[in-house]
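Where a number appears in this text, it was derived from the coordinates with a stated rule and is not lab data. These numbers come from a predicted model, not from an experiment. Glycine also receives a Cβ, built like all others from the backbone with ideal geometry; neighbour counts cover every protein chain displayed.
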Amino acid sequence: MTTASDAGQRPWLSRLRGSNNEGILALTILVLCVGVGVVEPSFWSVRTMLNVASNSMTNVIFAMGVLIVIISGGIDVSFMAIGIFCGYSVIVLTNETGFGASSAPVGFVLAAVIGVALGVLNAAAIAGLHLPTLIVTLGTQGIIRGAMLAYVGSKVIPDYPEGLDKLSTNYLVTATGTSSTRLSVLIVPAVLICVLVSLLLRYTMVGRGIYAVGGDAESARRAGFPVVGIQFFIYLFAGLLAGVAGLIHVTRVRLANPYELVGGELDVIAAVVLGGASIFGGKGSVSGTVLGVVLISLIRNSLILLGVPGSWQRAAVGLLLIVGVGAQALSARSRRTSADLVAEGAPA
């Protein structure tokens, strides 16, 4: 039986939890920080915060693209391949031709254009041919990576064009001590992209269409949303974000390695799912996704501080992904059961 006090507490608890469990995720991050800080006091430092921010900036951009794909009811595993293809190709192109070598913005425009072009592969197969998203993106991941190694290059490139080289050594914050830790200015575009995606999802018809398609594509079509057009936009925009993230990565690490990034999809997908995006589609938020990325980065950073081997770090992320998906499945089952009980109790 529901009491008056219970009814009064529920709105407050609901606001604290958030529409996508952002409150629970924030509390988890706080508990993790306190726990690791007790075991390893050096965790509580400016260096740790800068490390987490630096390690999160690329993944948070990738995660924005994955977020809109998952909200739409799809799944994408090609974004890392698109990212490194774009980042590596821009370095090769500017080094060999000199085009835009002195201008970092030109490099990012090139990366975005290449990302959109690669996103067309996913969009055409998924929106045009109505093929399963996981199968398509698995296929395009292999195609894109193979094409890069065969036709663009397979050597690690340490030499950077002038514009990107200057950008890579531009820092917002520097923490000194036993070792210097810096926060790159490249975190600024990462923050701006998060704001852009949040505005897109909240205040535009395209954003509403993405949620509608993820909820039920046929219902969205009947409601007047151009489902095919929205799906094309989703994968082109995800390709653009992956291209920008890829160039940010190679610029930040000051090394263009064609063998990087691919294989790191688990961290990003786990972060988006833990951030409240439903694998069934129709649900997800930018704030939850950012918290998910921060949580994954904190866990990796904490395990390194505690001396845990890298293989166990991947196991921890995999376990979190299973927990996140399992929680969503149980929640969906609970909602269906409640709806069935209400329907059975309704008068004929």
field: With Cα atoms, 0 to 90° folded angle of helix 265-274 axis to the chain main axis
entry: 30
field: Max mean-square fluctuation residue, GNM over the chain, Cα-Cα springs under 10 Å, options Ile269, Ile230, Ile304
entry: Ile304
task: Scale the Cα Rg of the range 43-262 by the rule-of-thumb value 2.2 N^0.38 Å and send over the ratio, two decimals.
output: 1.07
- prompt: Amide H neighbours of Tyr171 under 5 Å, counting only residues 5+ apart in sequence or on other chains, H built in-plane at 1.01 Å?
  reply: Val185
query: If we count every other residue with Cβ under 12 angstrom of Gly263's Cβ, Lys/Arg +1 and Asp/Glu -1, where does the sum land?
result: -1
field: At R0 = 25 Å, FRET efficiency that the Cβ-Cβ distance of Thr169 and Ala147 yields, to 0.05
entry: 0.20
Angle between the chain longest axis and helix 286-305 axis [Cα atoms, degrees, rounded to 10]: 60
Note, ³J(HN,Hα) from phi for the range 91-108, Karplus 6.51, -1.76, 1.60, rounded to Hz, x at Gly and Pro: 5, 4, 4, 5, 5, 7, 9, x, 5, x, 4, 8, 10, 5, x, 4, x, 6
- prompt: Which order do Asp76, Asp267, Asp216 fall in if you start with the one that has the fewest other Cβ atoms within 10 Å?
  reply: Asp216, Asp267, Asp76
- prompt: Which angle from 0 to 90°, rounded to the nearest 10, does the C-alpha axis of helix 46-71 make with the longest principal axis of the chain?
  reply: 60
query: Using 0.36 nm per residue, how much length does the chain from Val253 to Leu27 gain when fully extended, once their Cα-Cα distance is taken away?
result: 78.2 nm
- line: Relative contact order as a percentage, the chain, C-alpha pairs under 8 Å and 6+ apart, gives 31
- request: Would you please give the residues with an amide H less than 5 Å from that of Ala256, counting only those at least 5 places away or on a separate chain, with H modeled from the backbone geometry?
  value: Ile157
- request: Go ahead and run the numbers for FRET between Ser103 and Asp159, Cβ-Cβ distance against an R0 of 25 Å, rounding to 0.05.
  value: 0.90
task: Please sort 287-296, 117-126 by packing, taking for each peptide the average over its residues of neighbouring beta carbons within 10 angstrom, highest first.
output: 287-296, 117-126
message: Quick query: amide H of Ser102 versus all other amide H atoms, modeled in the peptide plane; which residues come in under 5 Å with a sequence gap of 5 or more or a different chain?
response: Gly163
